[in-house]
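All remarks here apply to the structure that follows.
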Amino acid sequence: MDQSELTTENVLKRDIPWETYMSTKLITGTCLQLLRRYDKKPESYRATLLDDDGPAYIRVFVNILRDIAKEETLEYVLALIDEMLAANPKRARLFHDKSLASEDTYEPFLKSLRKNNWFIQEKSCKILSLIVSVRPTQNGIIANGESSQSKSKSTSIDDVLKGLVEWLCAQLRNPSHPSRGVPSSISCLSTLLKEPVVRSSFVQADGVKLLIPMISPASTQQSIQLLYETCLCVWLLSYYEPAVEYLATSRTLPRLVEVVKSSTKEKVVRVVVLTLKNLLSKGTFGPQMVELGLPQIVQSLKAQAWSDEDLLEALNQLEEGLKDNIKKMSSFDKYKQEVLLGHLDWSPMHKDPIFWRENISNFEENDFQILRVLITILDTSGDPRALAVACYDLSQFIQHHSSGRLIVNDLKAKERVMKLMNHENTEVTKNALLCIQRLFLGAKYASFLQA
């Protein structure tokens, strides 16, 4: 079987010649006794052995990984450890037992990441990520550098975390396995990014941009899990300012909004809402969220039946934060939001001459983006009120901008407005006529006719 397709179950069916290893002095007699007692035994019996003498078995496994080069044996021992931790993840703490203070429990796994063997790479990364994530704390804080326990070890925790980040970023850029390389790496990152030093290394390695393409609505169970763990990584990064600065200049926010709008999986919605809540007060994220229609999406989400109380609380907090942002937004910000969402109505600013005089230059932003959207609304909207307001706003732009007629003509609005002069709704035809008059006759003469 190709090593890239191996499974823990298949590997554990092998018979490893432990006696041969003892006769060649690659393992000790004590090691052989422990292996005979443990190997091929029922899970309940192995659990008792680990409860009674767990650190001794960890020493055996680590020594084999360090001293034996045969890949089939390395795969087997990694499968044993993986099976042991899958049955009870808390057993990862055994690697930090005081009796192992003289052992370098990190280095064999770090070394295995460099082997040209996907099974060994994947298991080593998974196991090592779990081991470092449960290392002892100092005064309640996980140390980023060497702890007092690890000072006697040759491989510092900083070296381990740096090596893991380098390997994970390399996998995201060029996966060793076509289908498991990226999901396995994202899964490990979602554990490791709880570490401040990992966030720093990940940003320095330009890893944030590797996550962004994976933030998109998912359909299969596998892709939902990948999406969830990717969003979990982004949530963890939202606590780290240099990462937030990168997120602000990328397409992260529109992608997160699209995911939260279309996802039905509660854990995905929860982690995205928590991320948005974190980002809301930072930089220009708040106004951008308003422009992307997040207030309406949050209202829709609140109307759904969620079982997670943390999600409901986060939605309420996000809603309040968005309301505060709307209050702080300038009149043009509010106008821009209205246009971009296509929700045009006769709000006071449309017929306020002061609004048009003070904000006319803002319409030039992003190559007249707002004008282009207004013209698109003329083509696509089925709402008579929106069509009428769009025609009126185009006429106001023509009136107040020194090159208004030329710009609107260049954007090919004339044909679209003329079609609306025959609309069944009188409000639409009235404002389409006003717009055409200003296009053909000029602002002053059109205002005279309108009067």
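The values are calculated or read from the model by the stated rules, or taken from the named source; none is laboratory data. It should be emphasised that the depicted structure is a prediction, and the values quoted were computed from it without experimental measurement. Cβ sites come from the backbone with ideal geometry, for glycine too, and all protein chains shown count toward neighbours. Accessible surface areas use protein heavy atoms only, side chains included; no ligands, DNA or RNA. Shrake-Rupley method; radii C 1.70, N 1.55, O 1.52, S 1.80 Å.
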- Task: Can you work out the PRE-style zone for K267? Point 7 Å along Cα to Cβ, and I want the residues of segment 159-191 with backbone N under 16 Å.
- Result: 183-191
- Note on the structure: Karplus ³J(HN,Hα) for segment 215-221 (6.51 cos²θ - 1.76 cosθ + 1.60, θ = phi - 60°; Hz, whole; x = Gly/Pro) runs 8, 8, x, 10, 10, 7, 4
- Item | Average accessible surface area per residue within segment 206-321, 1.4 Å rolling probe, Å² | 44
- How long are the semi-axes of the ellipsoid equivalent to segment 235-320, from square roots of 5 times the Cα gyration tensor eigenvalues, in whole Å, largest first? 21, 13, 12
- Area of M329 that stays accessible when all protein chains are in place (1.4 Å probe, Å², to 10): 10
- Message: Can you give me the orientation-averaged projected area of the convex hull built on the Cα atoms of the chain, in nm²?
- Response: 27.9
- Item | Sequence-separation-based contact order of the chain, relative, with Cα cut under 8 Å and 6+ spacing, percent | 7
- Projected label distance in nm at R251 and D39, using a 7 Å step from Cα toward the beta-carbon: 5.2
- Counting other Cβ atoms within 10 Å of each Cβ, which trypsin sites (Lys or Arg not before Pro) in segment 277-332 have at most 14 and sit in a DSSP loop? K282
- Task: Using only Cα atoms, figure out Rg for segment 290-353 and give it as a multiple of 2.2 N^0.38 Å.
- Result: 1.33
- Note on the structure: In order over segment 85-95: 3J(HN,Hα) from phi, Karplus 6.51/-1.76/1.60, θ = phi - 60°, whole Hz, x for each Gly or Pro, gives 6, 5, 5, 7, x, 5, 5, 4, 5, 4, 5
- Rounded to whole Å², per residue accessible area for segment 352-415 with a 1.4 Å probe reads 47
- With every protein chain left in place, what is the accessible area of E258 in Å² (1.4 Å probe, nearest 10)? 80
- Task: Distance between Cα centroids, segment 40-54 to segment 66-83: provide it in whole Å.
- Result: 18
- Residue by residue, what Karplus-based ³J(HN,Hα) values in Hz, rounded to whole numbers, does segment 397-413 have, using 6.51, -1.76 and 1.60 with θ = phi - 60° and x for Gly and Pro? 4, 4, 5, 9, 9, 4, 10, x, 4, 5, 5, 5, 5, 4, 7, 6, 8
- Ignoring ligands and nucleic acids, D15 exposes an accessible area, probe 1.4 Å, in Å² to the nearest 10, of 130
- Extension gain, T376 back to D53 (0.36 nm per residue minus Cα-Cα distance, nm): 109.1 nm
- Indicate the gyration tensor shape class of segment 1-116 (rounded, prolate or oblate), computed on the Cα atoms with a ≥ b ≥ c the square roots of the eigenvalues: a/c under 1.5 is rounded; otherwise a/b larger than b/c is prolate and the rest oblate. rounded
- Task: Would you please give the residues with an amide H less than 5 Å from that of N117, counting only those at least 5 places away or on a separate chain, with H modeled from the backbone geometry?
- Result: none
- How large, in percent, is the carbon and sulfur part of the accessible surface of the chain at a probe radius of 1.4 Å? 50
- Query: What value, in deg cm²/dmol to 500, does the helix sum -39500 (n - 2.57) over DSSP H runs of n ≥ 4 give at 222 nm once divided by the residues of the chain?
  - Reply: -20500 deg cm²/dmol
